[in-house]
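The next block holds one structure in the form of structure tokens; read it before the comments.
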Amino acid sequence: MAQLDGATRHILDNRTRTVAGYLRQALARADDFRFVSAYFTIHGYALLADRLERVGRTRFLFGTPSSVEDLDPGEQEPKAFALSEGGLEPRHVLAQKALARRCAQWVRKNTVEIRAVSRANFLHGKMYLTTSSHGQSGVVGSSNFTRRGLGEGNQPNLEINLATEDQETVNELREWFDRLWEDDKYTRDVKQQVLAALAHIGNDYAPAAVYYKTLYEIFHQELAARQAGDDSATTTGFKDSQVWNALYQFQQDGAMSVIDKLRDHNGCILADSVGLGKTYTALAVIKYFELCNERVLVLCPRKLHDNWSLYPASNGHRQNPFQEDRFGYTLLAHTDLSRSSGRSGDVDLANFNWSNYDLLVIDESHNFRNDGSRRYQRLLEDVIRTGKKTRVLMLSATPVNISLVDLRNQIYLMTEGQEKAFQNSLGVGSIRTLMARAQKAFKQWEQQQERRDKAQLLDQLGADFLRLLN
């Protein structure tokens, strides 16, 4: 066989030389192609499709037919764009359906044979052999028949493969392949299974199915977290509690959402309108964490003290509708944060340990919108930052009074004043910067003389702001 260009270089690592580049040259004049790979993907096929479709005979041995359906991690390219006259445009257009159909058309040929090893996870080797009237060539190494494995894409795999045209070596490789191929104990014909998998990829899906799949991809992490919360609620007996069963469905949904956010982000603002039962929803959340053996402190305005004092079991109130739940939370007033002595109910404020609580519930949290007040600073320093890690649930029908600074300062209570607390979880680099930008956008929208479009406002506020609100 005439030497391929650059054949004095035997190492194919996808850095200096790619497996795809080598195979394009070898397949250009090949009559026969044998290859072994743990994976086969349509994107790997696409790199060599023009060459493969002209080869006289192809024999492919791989790990499992189901892998043809898997866009394994190596195939999930990061988004890439090119600058054109029209602006930024995608560099790679998704054509998976058409590609799967083209691949299936090739696989159906009588000249294409596909077998798989009978034992799962048994095949780990990768090998590519071509034969022509000019001779033979072979590649042995680590590259799977995937786009990145063959050395293409934005981030190709770094591999180690040895290319050879030594005829004695290639003959030994061919004989090894043929023995395995013809041994029915180790391999079986899976061509029809591969075609079925390709048909699945190339299917036309109903719009509703596409819509539900899209929703799943967006919310699957939240659904998994919700399921974990549901499992925990079942284990603790939370859903057998009186308060849980007193809630309407929308309140139960709200309570579970609050629990998820408290677990994932350490805080939440329950901002339902007046009359929608924020107190009962909060009581359900409190019960959940009490069943998890967490200590709860409730801070409320003095005028609401009697409302909240109805439920703790230690008060023995006859009108308590949830006596069996035996609530054990500690109740204090907002104004108690300004005191260092005296009593608040049964609590001796001079000896009270503010930092000993796992969950802090603040009713009418908009009273803490001013981060410069002494009461706010004591709440932040003595209750939240000191001692145990404290989750913060805030209840308010009006979390924003004058500007988004009000909301920002309440959010700081759940982040312990940290600007970048949501950088990893929500992609919010700076809470202060985000709020300032959103406030500016709202002011500009508010000053418009023409009819204001709420959809336009949402667009101007930005996705990161909406993620934070959600």
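The values are calculated or read from the model by the stated rules, or taken from the named source; none is laboratory data. The model shown is predicted, which means the values in this text are computed figures rather than measured ones. Don't worry about glycine lacking a Cβ; one is built from the backbone with ideal geometry, like all the others, and counts go over all protein chains shown.
Structure above, values below:
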| item | result |
| --- | --- |
| Failed item in (1) under 17 Å from PHE62 (Cβ atoms); (2) at pLDDT 95 or above, with PHE145 passing the rest | (2) |
| Enumeration of residues in segment 345-368 that are without any contact (Cβ under 8 Å) to a residue 60 or more places away in the chain and under 16 Å from ILE411 (Cβ atoms) | HIS366, PHE368 |
| Test: residue in segment 279-292 that is without any contact (Cβ under 8 Å) to a residue 60 or more places away in the chain and part of a loop (DSSP other than H, G, I, E, B) | no |
| Residues of segment 184-201 satisfying the condition of being in contact (Cβ under 8 Å) with a residue 12 or more places away in the chain and more than 16 Å from PHE40 (Cα to Cα) | LYS185, TYR186, THR187, ARG188 |
| Candidates ARG432, ARG375 - the one that is over 20 Å from HIS265 (Cα atoms), modelled with pLDDT of 85 or more and part of a helix (DSSP H, G or I) | ARG375 |
| Extreme residue, surrounded by the fewest Cβ atoms within 10 Å (Cβ to Cβ), among residues of segment 48-63 that are of a type outside the set (A, V, I, L, M, F, W, C) and assigned to a helix (DSSP H, G or I) | ASP50 |
| Residue in segment 415-422 that is in contact with a strand residue (DSSP E or B) (Cβ under 8 Å, 6 or more places away or on another chain), assigned to a helix (DSSP H, G or I) and at pLDDT below 90 present | yes |
| Residues (surrounded by fewer than 19 Cβ atoms within 10 Å (Cβ to Cβ) and over 32 Å from the mean Cα position of the chain (by Cα)) located in segment 13-47 | THR16, ARG17, GLY21, ARG24, GLN25, ALA28, ARG29, ASP31, ASP32 |
| Residue check for ASN367: in a helix (DSSP H, G or I) and either of a type outside the set (Gly, Ala, Ser) or within 21 Å of ASP336 (Cα to Cα) (or both) | yes |
| Lone unmet requirement of (1) surrounded by fewer than 20 Cβ atoms within 10 Å (Cβ to Cβ); (2) closer than 19 Å to PHE465 by Cα; (3) touching a residue at least 40 places away in the same chain (Cβ under 8 Å); (4) not β-branched (Val, Ile, Thr) for ASP371 | (2) |
| Hits in segment 293-304 - residues which are part of a helix (DSSP H, G or I) and without any contact (Cβ under 8 Å) to a residue 40 or more places away in the chain | ARG302, LYS303 |
| Selection from segment 247-275 of residues that are part of a loop (DSSP other than H, G, I, E, B) and either buried (at least 16 other Cβ atoms within 10 Å of the Cβ) or charged (D, E, K, R) (or both) | LEU247, ASN266, ALA271, ASP272 |
| Counted residues, segment 250-280 - those being under 23 Å from PHE422 (Cβ atoms) and of a type in the set (Ser, Thr, Tyr) | 1 |
| Segment 434-455 - residue that is surrounded by 12 or more Cβ atoms within 10 Å (Cβ to Cβ) and of a type outside the set (D, E, K, R) and, of those, farthest from the chain's Cα centre (by Cα) | TRP445 |
| Any hit, segment 176-196, residues being assigned by TED's automatic domain parsing to the domain that holds ARG24, of a type in the set (Ser, Thr, Tyr) and part of a loop (DSSP other than H, G, I, E, B) | yes |
| Unmet criterion (only one of (1) out of contact with any helix residue (DSSP H, G or I) (no Cβ under 9 Å at 6 or more places or on another chain); (2) not small (Gly, Ala, Ser); (3) not in a loop (DSSP other than H, G, I, E, B)) for ASN409 | (1) |
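To keep it simple, each residue is scored yes or no on (1) touching a Gly at 6+ places or on another chain (Cβ under 7 Å); (2) surrounded by 14 or more Cβ atoms within 10 Å (Cβ to Cβ).
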site: GLN136; (1), (2): no, yes
site: VAL139; (1), (2): no, yes
site: ARG148; (1), (2): yes, yes
site: GLN155; (1), (2): no, no
site: LEU158; (1), (2): no, no
site: LEU162; (1), (2): yes, no
site: ASP166; (1), (2): no, no
site: ASP184; (1), (2): no, no
site: THR187; (1), (2): no, yes
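Conditions (1) at pLDDT below 90; (2) under 21 Å from ARG24 (Cβ atoms), marked per residue:
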position: VAL140; (1), (2): no, yes
position: ILE160; (1), (2): no, yes
position: THR164; (1), (2): no, yes
position: GLU168; (1), (2): no, no
position: TRP176; (1), (2): no, no
position: TRP181; (1), (2): no, no
position: TYR186; (1), (2): yes, no
